[in-house]
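Values in this text are rule-based calculations from the coordinates and carry no lab data. Computed from a predicted model, the values in this text were never measured in an experiment. A quick note on method: Cβ atoms are made from the backbone with ideal geometry, for glycine too, and the neighbour counts reach across all protein chains shown.
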Amino acid sequence: MAYSKAGMRAVDKYVKENYSRLNIKIPKAQKAAVEAHAQRKGESVNGLVNALLRADMGLSEAEWKKGEAEEPSENALDI
């Protein structure tokens, strides 16, 4: 399916207004393994990371999308 330039601009605007980007770093040797793991689970790498974060933070998908997570306390342990 071909997308018009106006359609692509509309999608870009929606993404910019509704999502934030995080840049993660993993060892180069693990990239293919992470991609294969996500594919086996029927997820994209982005979807897998989101699901793992939601689960670790104890949030439902609706809470995750609404941004209802509490800010971590100063005493929270880093993973």
**Q.** Cα radius of gyration and Dmax for the range 26-66 (Å)
**A.** 11.7, 35
Q) the range 1-73: which GluC sites (Glu not before Pro) are DSSP loop and have at most 14 other beta-carbon atoms within 10 angstrom? A) E68, E70
Q: Could you tell me which of the pairs K5/K25; K13/K65; K16/K41; K28/K65; K5/K66; K13/K66 are separated by over 26 angstrom between their Cα atoms in the structure shown?
A: K5/K25; K16/K41; K28/K65; K5/K66
Q. Between W64 and K41, what length comes free when the chain is fully extended (0.36 nm per residue of separation minus the Cα-Cα distance, one decimal in nm)?
A. 6.3 nm
